[in-house]
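Structure incoming, see below.
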Amino acid sequence: MILVVTEHQSGVWHKMSWEALAAGQALGQALGRPVTAAVLGDAAASDLAAHAVDRVFSLQHPLLAEYTPDGYTLALRQLINQLHPYLVVLPHTYQVRDFAPQLAAALGRGFISDVIAFRAESGSLVFVRQLFQGKMNADVTFAGDPPYFVSVQAGAFPAGQLQPAPSPAPVDRPTVTLDAAQIRTKPLERFQEAKRTVDLGSAELIVSVGRGIKGPENLPMIQKLAEALGAQIGASRPVCDSGWLPLERQVGSSGQTVAPKLYLALGISGAIQHVVGMKGSRTVVAINKDASAPIFEIADYGIVGDLFDIVPALTEALQSSK
């Protein structure tokens, strides 16, 4: 089977759990293998059971109420030894990066992280992951016997591709044996990141701007377009570094990773540091005066022209259509 390990915080699902589940379903369909899901701690296993999986495993124990790498590793190791899955799929989150290498090493297996794609080739799986901030793709395969471990990159397998279940999958609650002496770390108060006024990662429509807007005095024009679309505003790093927009609006390797239905790139050249943060977008529309701008290499639709002529006309057309 394919086992998808999901993640939550105090019962609130991490959005990457659904992307990992979408990846598991795609792998199951390509390989003709059943797909199961696992969740640790107190979370609604019924949410997982509502999707097309054969079975859900809910691992509960007082020592799993708060995340610890030892607790999660020991509990998942017991489940994996019981199920003998072919492949274990995890979301590429900070938490997974903390415990997954330990889990794979404890079982004497390899771990391929940050996967963006896969293919079946000559009877084996080939996974694709990026190197050097997306400048190079590498094909990676496993040696040895399963189970194999992979984590999937944000935006690579959109949650919108999830297949619902015709009827809820059964939920099993296997016995987990843990002892407090095995847990070497003690959970403290969870770090609270400064709350963002906008979560671009969940936005379905994004209008993103680059240095092509020339200065902050031109942002009201962008705001009008975003309002006409019902979109959020994003930006490249130079725009945020210049203080034209707050850092929480930055998209890219040092900003937010997004995967909207529509990504409208205005005056963005398409540097790799920006592209790695938005390449999971379903449709990319780029407007740039430079016909050789790298952004056109990944755009589904491109307009070579002056955004100061095109954006007002586009805004007016959108307002008229309403």
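Every read-out reported here was derived from the displayed coordinates using simple, explicitly stated rules and does not represent laboratory data. Quantities reported herein were computed from a predicted structural model and do not represent experimental measurements. Counting neighbours? That spans all protein chains shown, and the Cβs are built from the backbone with ideal geometry, glycine included.
Mind pulling the angle between the C-alpha long axis of helix 219-229 and the longest principal axis of the chain? Nearest 10 degrees, somewhere in 0 to 90.
Between the helix axis and the principal axis of the chain, the angle is about 60 degrees.
Roughly how many whole Å is it from the C-alpha centroid of the range 144-166 to that of the range 203-242?
When both Cα centres are located, 32 Å separates them.
log10 I(q)/I(0), Debye, Cα-only the range 53-190, no solvent, q = 0.11, 0.12, 0.16 Å⁻¹?
Normalising to I(0) and taking log10 leaves -0.49, -0.59, -1.01.
Quick one: plug the Kirkwood hydrodynamic radius of the range 128-190 (C-alpha pairs) into Stokes-Einstein at 20 °C, 1.002 mPa s, and report D in µm²/s. Walk me through the numbers before you get to the answer.
On the way: Rh = 17.6 Å.
Result for D is 122 µm²/s.
Could you work out the relative contact order of the chain? I mean the mean sequence separation of Cα pairs under 8 Å and 6+ apart, divided by the number of residues, in percent.
Details: 663 pairs, mean separation 49.3, N = 322.
Reported relative contact order: 15 percent.
If you look at just the Cα atoms of the range 20-94, how large are its Rg and its Dmax in Å?
12.7, 38
Sort the following peptides by mean Cβ neighbour count (other Cβ atoms within 10 Å, averaged over residues), highest first: 283-293, 121-131, 46-56. List each step's numbers first, then the result.
On the way: 283-293: 17.5, 121-131: 13.8, 46-56: 19.1.
Result, highest mean first: 46-56, 283-293, 121-131.
Pull out a ≥ b ≥ c, the square roots of the eigenvalues of the alpha-carbon gyration tensor of the range 1-131, then state rounded if a/c is under 1.5, prolate if not and a/b is larger than b/c, and oblate in the remaining case. Could the numbers behind the result be given before it?
Working: a/c = 1.58, a/b = 1.33, b/c = 1.19.
Cα axes put the range 1-131 in the prolate bin.
Out of the DSSP beta bridges found with both residues in the chain, what percent are antiparallel (nearest 5)?
Numbers: 14 of 56 bridges.
The antiparallel proportion sits near 25 percent.
How compact and how long is the range 172-250, expressed as Rg and Dmax of its alpha-carbon atoms in Å?
21.2, 62
While we're looking at this one, here's another question. Summarise the long-distance tail of P(r) for the range 118-222 by giving the % of C-alpha pairs beyond 20 Å.
Numbers: 4115 of 5460 pairs.
Tail fraction, whole percent: 75.
Convex hull over the Cα atoms of the chain, averaged projected area in nm²?
Values: hull surface 74.6 nm².
For the chain, averaging the hull's shadow over all directions gives 18.7 nm².
Compute the semi-axes of the equivalent ellipsoid of the range 77-146, taking the square root of 5 times each eigenvalue of the Cα gyration tensor, and list them largest first in whole Å. All intermediate terms of the calculation are to be shown ahead of the outcome.
Numbers: eigenvalues 95, 57, 18 Å².
Semi-axes from the Cα gyration tensor: 22, 17, 9 Å.
Still on this model: Using the Cα centre as the reference, give the magnitude of the dipole from point charges on the C-beta atoms of the chain (Lys, Arg: +1; Asp, Glu: -1; all else neutral), rounded to the nearest 20 debye.
Values: 25 positive and 28 negative charges, 32 e Å.
Roughly 160 debye, rounded to the nearest 20.
Rounded if a/c is under 1.5, else prolate if a/b is larger than b/c, else oblate: which is the range 238-303, with a ≥ b ≥ c the root eigenvalues of its Cα gyration tensor? Mind showing how you got there, number by number?
On the way: a/c = 1.87, a/b = 1.30, b/c = 1.43.
Since a/c reaches 1.5 but b/c is at least a/b, the shape of the range 238-303 is classed as oblate.
State the three equivalent ellipsoid semi-axes of the range 188-292, derived from the C-alpha gyration tensor as the square roots of 5 times its eigenvalues, in descending order and whole Å. Write down the numbers at each step before the final one.
Working: eigenvalues 96, 46, 41 Å².
After scaling each eigenvalue by five and taking roots: 22, 15, 14 Å.
Ok, one more. Residues with amide H under 5 Å of residue 55's amide H, sequence separation 5 or more or different chain, H placed in the peptide plane at 1.01 Å from N; which?
Residues meeting the amide H criterion: 37.
Rounded to whole Å, give me the distance from the Cα center of the range 268-282 to that of the range 83-143.
23
Taking the chain as the reference, fit the longest principal axis to its C-alpha atoms, fit the long axis of helix 94-106 to the helix C-alpha atoms, and give the angle between the two in degrees, 0 to 90, nearest 10.
It works out to around 40 degrees.
Here is a further query. Give me a comma-separated list of calculated 3J(HN,Hα) values for the range 306-314, in order, Karplus coefficients 6.51, -1.76, 1.60 applied at θ = phi - 60°, integers in Hz, x for any Gly or Pro.
7, 4, 6, 8, 7, 4, x, 5, 5
At what distance in angstrom do the alpha carbon centres of the range 287-303 and the range 1-27 lie from each other?
Here the two parts' Cα centres lie 34 Å apart.
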